[in-house]
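Undergrad: Before anything else, here's the structure in question.
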Amino acid sequence: MEKENNKNKKKKIKIKAGTSSNKTFLLKREFLYKETETLLLTNIVNKKVPTLEKNLNKAQLNVASSNIIKLNEPNKNTNKKILTISKISKTLGGKPVLKNISLNLNHGQILGLLGPNGAGKSTLFNLIVGKIFPDFGEIKLNNEIINDLPIHKRAIKGISLLEQHKGLFGNMTAYENLYAILELHIEDKSKIESKIFQLLSYFGLQYLVNVKANNMSGGEYKKISTLQRICNKDIKVLLLDEPMAALDPLSISSIKKFILELRGMGLSVIITDHNFFAIQDILDNCIIIRDGVVMVEGPPKDIIKDQKAIKYYLGTGFKI
C-alpha cells in the first residue's frame, strides 16, 4: 500500500498483487467523511462481488468522492435545534395517548425518550416520521414545519427510524441489504460498492459483508440495520426504538459505543428504552414521559436525583 504524495493526482488505491485468493481490506476512517490521499485496505473481497473483483484485478479501486452520510457544518453546532416538538397531542381509538408533549433535539445530540410500557414513546416516534399525524401541536425539522408531510417526504428530508422488531432482509447479506438502499440514491454501481465497503470498514464490520442477516448475532444485526438507515444521503435525525432490547451485556456495550460513533459524526439521535440505567451513560439529555405527559426532563445526572423520577420510574428502591 502506498500513499500518493501528489494531491493533484487522481485518487486511486494501488494494491500489490498477491497469490492468496482471500484478500482482505480495511478503509481508513477519514475516507468516509472527507477526501484524503491515504487509503489502507484490508478485509473484503469475495467473488460474490464481481465489480470489486474486477477492480482488484486491475490493481486499483476508485473511491466515491461523495459522502455516505451528508452532514452539513451547522450540524456540529450542538446548541442549534434540529428537531422541535411543540405541544403535540394525539388520541388513538378514543384514548388520549400524548397530551401537550414538547421536546427539543439539538444537532449532534443523543436524547433519551424514556418511560414505562404504554407511556406513548412509540406513538411519538410515529408522529415524528409521519406514520400518523398530530391532532394538535407542531413538528419542526430545521425550523421547517413538517406536520403534514407524508413519511417518504420526511425521509427525504433526513429522518430515519429503526423500529424494534424490524430491520434487514433475513436471507440477504450485509452487502446486499446496504446495496438495496444505496441504489435508491446512487446510479453508479462502483460508487455504491465503494460506499458499502467504506461504511462497513469505518465501523469494523467488514467481516459481515457476505454474512446473511439471519446468521448474524443480535448486536451485529442491530448495527447493520442502523447502517442501512443512515444510508439516507441527507440523514439528519436517527430514531432508534429499543436498540438494546434482547441483547446481552457485551452486545449492549458494543451498541452504545456504536451510537456514540454516530454522534461523533454529528448525527442527532433519539433513543427509546424502558431501562434508564442501560443507556443513561451515553445520553446528553433525556425526557421521561408517563401517561402521555412529560414527567421530567434533563441530563441524566439530574434525572437520578429527581424525586418524581425515582418514585414513578426509577423505583423507590433506587439509591444514588
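Read-outs: derived from the displayed coordinates by stated rules, not from any lab. This is a predicted model, so every value here is computed, not measured. We place every Cβ from the backbone using ideal geometry, glycine too, and count neighbours over all the protein chains shown.
Undergrad: For region 134-241, which semi-axes, largest first and in whole Å, follow from the square roots of 5 times the eigenvalues of its Cα gyration tensor? Walk me through the numbers on the way to the answer.
TA: Details: eigenvalues 155, 54, 24 Å².
Equivalent-ellipsoid dimensions as semi-axes: 28, 16, 11 Å.
Undergrad: Next up: Quick one: of Lys90/Lys212; Lys80/Lys301; Lys157/Lys308; Lys90/Lys157; Lys81/Lys212, which pairs are farther than 31 Å apart, Cα to Cα?
TA: Lys90/Lys212; Lys157/Lys308; Lys81/Lys212
Undergrad: Another question about this same structure. With a cut-off of at most 16 other beta carbons within 10 Å, and DSSP calling the residue loop, which trypsin sites (Lys or Arg not before Pro) in region 269-320 qualify? Please list them.
TA: Values: sites: Arg290, Lys301, Lys305, Lys308, Lys311, Lys319; in loops: Lys305, Lys319.
Answer by residue number: Lys305, Lys319.
Undergrad: Which Rg and Dmax, in Å, describe the Cα atoms of region 169-219?
TA: 10.9, 32
Undergrad: For the ranges 104-112, 183-191, what's the packing order if you count other beta-carbon atoms within 10 Å of each residue, average per peptide, and put the highest first?
TA: For the peptides 104-112, 183-191, the packing ranking is 104-112, 183-191.
Undergrad: In the calculated pair distance distribution of region 79-207, what percentage of Cα-Cα distances lie above 27 Å?
TA: When all Cα pairs of region 79-207 are counted, 35 percent exceed 27 Å.
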